[in-house]
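Notes for the one structure printed next.
The values are calculated or read from the model by the stated rules, or taken from the named source; none is laboratory data. All of these numbers come straight from a predicted model, not from anything done at the bench. All Cβ positions, glycine included, derive from the backbone under ideal geometry; neighbour counts span all protein chains shown. Remember, those area values only see protein heavy atoms, side chains included, never the ligands or the DNA or RNA. Shrake-Rupley method; radii C 1.70, N 1.55, O 1.52, S 1.80 Å.
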Amino acid sequence: MSLTPEIGGAHVRAVHDEFHGDLLEVSMGPHHPSTHGVFRMIVTLDGETIVKLKPVFGYLHRNHEKLGENTTYLASMPYTDRLDYLNSMSNNWAYALAVEKLAGLAVPERAEYVRVILAELTRLLNHTCLAGFLMQDCGCSGTPLMYAFREREKILDLFESLSGSRMMCNYQRFGGCRVDPPAEWLAGAQRLVDGYSAFLDEFEALLTGNEILMARTQGVGRLDPALAVSAGVAGPMLRATGVGHDLRKVDGYGVYPRFEFRVPVGAHGDTYDRYMIRILEMRESIRILQQALAGLPGGPVMDPKAKLRGFRPKAGEAYGRIEGPKGEIGFYLISDGGPNPYRYRVRPPSFINLTILEDMCLGHTVADAVIILGSVDIVLGEVDR
Amino acid sequence: MSDAAPAISQEERDELRRHGILLTSLEELYNWGRSHSVWPLNFGLACCAIEMIAASMARYDIARFGSEVFRPSPRQADLLIVSGTVTKKMAPQVVRLWNQMPEPKYCIAMGACAISGGPFKQGYNVLKGIDRFIPVDIYIPGCPPRPEALLHGLVQLQAKISGQAITGPDAPRHLRSDIECDCPVPEFGAHDLEPPQNPAVWTPPPSLVRPDKA
Amino acid sequence: METVEQLRDRLLARFPGASVTVISNPSPSAQHSLLLDHAHAREIALYLRDEPALKFDQCSNVTGIDWPEKEITETTKVTVPDPAGGPPKVVAQTTKRREPGYLEVVYHLYSLALRQGPIILRLRTGNRADAVAVPSLTPVWRSCEFQEREVFDLFGVTFEGHPDLRRILMWDGFKDHPMRRDYAEPDDYEWEPTPHGDVLAKAKKHYPEKPAAEPAKEAKP
């Protein structure tokens with residue numbers, strides 16, 4: 001695929017109808033069992049081959065940004081839980097980081113470690129669920145998703161015992177974390193992390209070398225690295241194409257520079273690589289978790305000078321971003337000195353990752369489009385906000 | 001039948017059952033069969049859908065209550081679980097799905113958003129409760145409700161189905177010819193849905209206006 | 001990485017005639033931005049993307065901001081000579097001026113190749129009513145495609161040169177731009193028994209009139 005300077009990718013492919021005969025336009029979604037929520041694609045088919053695919057958004061547009069401008073900085077924290085509702089802890093961190101940049105707040109060391117532990121647990125949760133849903137899309141109905149949700153429940157038990165809620169944790173604060181994890185909680189997290197490798201081995205024995213999975217996913221939905229960079233693709237999607245870009249290494253936010261871990265990079269940029277990258281990332285997450293749990297320092301988890309109620313940062317703006325499980329999740333905040341942000345913008349990774357959905361699907365069949373969409377890993381709460 | 005029902009008391013019936021004699025009525029048998037095989041529509045909207053999936057997975061196992069058969073097609077489903085925020089852009093599709101489901105059909109509003117808009121109530125594109133367009137049988141509060149709460153809602157729905165008469169003025173919609181089952185599908189307008197609610201199922205309740213304190 | 005001022009000087013040297021202004025950011029994040037003019041925006045963007053020393057190959061975030069017209073009251077102290085010959089008086093003068101409103105589009109650029117960033121570009125429209133066009137940067141960075149459509153949908157900025165400028169989040173027949181500050185949402189708070197102040201205020205408009213208070217009972221003799 002060539003990138004011309006005028007059009008940065010393939011927007012319009014001329015379809016010669018005299019060659020293709022009658023084209024069929026199919027509307028997949030917003031109610032479709034394979035679209036991961038209320039996503040809709042208008043697919044133009046030549047036989048069973050996709051010649052055009054236009055995503056339609058907005059069926060879960062819940063006005064997150066408008067609400068963020070009408071509430072205080074602190075009151076937006078629970079809303080960030082509901083952006084990407086599988087990864088509330090990561091969303092909390094990205095928002096807290098942006099506010100900390102805006103107001104120049106410091107975070108205690110213990111809180112930074114706790115954030116890393118929670119963010120990596122979230123990554124395990126997200127990638128496990130993704131693998132389960134992807135297999136569901138491939139037609140492997142039930143078993144892998146059951147396994148994935150069994151592990152998810154274990155992680156959610158940890159989240160619930162720490163924050164009081166299974167999914168909507170609302171745990172992090174600008175300037176630290178809400179409560180200090182007690183020793184029993186840390187012991188429980190250690191047990192989970194110790195046992196997770198065995199689960200991944202079991203999962204991989206079931207799937208990774210599976211001939212049907214390989215036949216179904218290898219070579220499907222190839223993504224060109226240059227196009228991926230131009231289209232703002234981030235996270236495991238980008239790394240599957242061979243671009244070794246991970247904000248945990250590049251920005252080195254939090255205490256990530258203290259941990260030893262590798263960034264897995266794919267070679268083909270196809271659906272199988274996107275699946276493998278997630279499995280390998282989970283293995284690295286386990287390494288980070290082991291190091292973070294072993295090195296967790298004492299001290300407070302909240303900056304004693306941080307002021308949550310009546311918080312009014314000085315006028316200015318800040319963009320803060322972290323490496324979420326789905327890619328770069330960022331918050332762009334403008335303060336006019338008031339209690340509410342003047343502008344509150346979410347940079348949603350799964351929305352921007354969908355920019356190249358059409359490019360990946362062209363020339364494949366409808367059944368392939370389903371698994372390509374599954375491998376993009378979208379959550380509609382974040383796509384439409 | 002319901003008119004002649006209490007000819008034999010519940011105690012006598014239990015006593016007979018202990019002796020191996022099972023007495024039932026057509027109404028009971030019919031409702032027993034319906035209430036224990038409620039097939040939900042495989043339809044997720046937002047956050048609550050993840051908890052709905054969790055309810056169908058190994059730990060919570062909705063199959064214990066006969067509802068594990070999530071049908072992708074509304075033509076085969078008995079239960080619409082509105083699991084998440086209904087936006088104005090999505091509302092016509094939800095109503096259309098409801099109309100496509102054959103009677104007898106039931107609706108559960110799962111979570112704060114489906115009930116009233118929830119935390120997103122003030123959004124310009126958020127419908128303030130799906131009960132403005134379709135009749136809702138069970139409301140499950142929570143943001144999101146835990147899977148146990150969904151199971152509890154399902155059990156409540158089963159109890160509701162079991163109590164339905166099959167003749168007379170209290171009979172459910174599908175056994176009567178004088179009730180229109182379809183709900184009008186709203187259109188996209190220039191600023192809002194048109195109409196913004198279905199007056200046949202929802203009007204603002206005036207009696208609940210609280211007098212201001214002096 | 002170069003500072004914003006160095007980058008501005010480099011751009012001005014490369015594109016004579018272009019207008020590049022540094023918008024400083026007083027917050028501790030110190031993420032300053034560059035305001036570009038419409039005529040050179042796309043050339044400058046291409047230069048930022050392709051110049052080997054810069055290589056801003058990813059446009060991470062695109063967003064709009066609405067700055068409505070506002071009235072600024074300035075108080076200045078002016079020394080007025082006393083006509084009677086006494087010592088000059090210091091008089092506070094209040095001047096009011098109206099600052100015209102505009103819409104702004106913000107682009108956050110990062111370089112994956114050189115691992116640097118962000119560089120923040122800003123484009124401003126002439127006003128909020130009829131001169132709402134800015135050049136589209138989708139031909140430079142593909143990631144702008146959906147995000148510019150979102151800005152068009154929610155703020156009403158039109159992007160010249162965008163390949164497929166349609167509404168993306170709201171439906172096609174929708175007329176308003178809901179992220180603007182003066183957007184009035186549909187009034188559908190007919191009944192909300194809530195302690196939430198804003199919602200209750202909106203709902204109360206629909207409450208029926210209170211029944212007239214009963215006449216006070218006469219005191220018993």
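Some points to look at:
- B:Tyr30 falls short on exactly one of the conditions (1) open to solvent by 10 Å² or more (accessible area, probe 1.4 Å); (2) under 18 Å from the mean Cα position of the chain (by Cα); (3) among the hydroxyl-bearing types (Ser, Thr, Tyr); (4) away from chain A (no Cβ under 12 Å), and that condition is (2).
- Just one of the listed residues (A:Leu296, A:Leu280) is assigned to a helix (DSSP H, G or I) and either within 19 Å of A:Asp194 (Cα to Cα) or open to solvent by 30 Å² or more (accessible area, probe 1.4 Å) (or both), and it is A:Leu280.
- Checked across the range A:119-128, the condition of being open to solvent by less than 20 Å² (accessible area, probe 1.4 Å), within 14 Å of chain C (Cβ to nearest Cβ) and of a type in the set (D, E, K, R) holds for no residue.
- Residues in the range C:8-34 that are closer than 30 Å to A:Ala106 by Cα and of a type outside the set (Gly, Ala, Ser) were compared, and the one that is most open to solvent (accessible area, probe 1.4 Å) is C:Pro26.
- Taking (1) of a type outside the set (Asp, Glu); (2) more than 20 Å from the chain's Cα centre (by Cα); (3) open to solvent by less than 30 Å² (accessible area, probe 1.4 Å) in turn, C:Arg149 satisfies each apart from (2).
- Any strands (runs of 3 or more DSSP E) falling wholly within the range B:64-144 and containing at least 3 residues that are surrounded by 22 or more Cβ atoms within 10 Å (Cβ to Cβ): B:79-83, B:106-110
- Cross-chain or 6+ apart pairs with Cβ under 6 Å, the range B:182-205 first and over 12 Å from B:Asn125 (Cα atoms), then modelled with pLDDT under 85 and among the aromatic types (Phe, Trp, Tyr): B:Pro204/C:Trp191
- Options A:Val51, A:Val38; residue that is more than 9 Å from every other protein chain (Cβ to nearest Cβ), over 30 Å from A:Ala111 (Cβ atoms) and not hydroxyl-bearing (Ser, Thr, Tyr): A:Val51
- B:Leu45 meets the stated requirement of being surrounded by 13 or more Cβ atoms within 10 Å (Cβ to Cβ) and within 9 Å of chain A (Cβ to nearest Cβ).
- Within the range C:35-45, restricting attention to residues that are open to solvent by 50 Å² or more (accessible area, probe 1.4 Å) and in contact (Cβ under 8 Å) with a residue 40 or more places away in the chain, the residue that is farthest from A:Ala231 (Cα to Cα) is C:His38.
- Members of the range A:64-114 that are part of a loop (DSSP other than H, G, I, E, B), closer than 21 Å to A:Gly337 by Cα and away from chain C (no Cβ under 14 Å): A:Leu74
- Check on A:Leu162, assigned to a helix (DSSP H, G or I) and within 14 Å of chain C (Cβ to nearest Cβ): no
- Condition met for C:Thr75 (more than 30 Å from A:Val233 (Cα to Cα), polar (S, T, N, Q) and either open to solvent by 70 Å² or more (accessible area, probe 1.4 Å) or in contact (Cβ under 8 Å) with a residue 60 or more places away in the chain (or both)): yes
- Test result for A:Ser197, out of contact with any Lys or Arg (no Cβ under 9 Å at 6 or more places or on another chain) and either open to solvent by 60 Å² or more (accessible area, probe 1.4 Å) or at negative phi (or both): no
- Pick from the range A:243-285, criterion of a type in the set (Gly, Ala, Ser) and free of Cβ contacts under 8 Å to residues at least 60 places away in the same chain, ranking: farthest from A:Ala94 (Cα to Cα): A:Ala267
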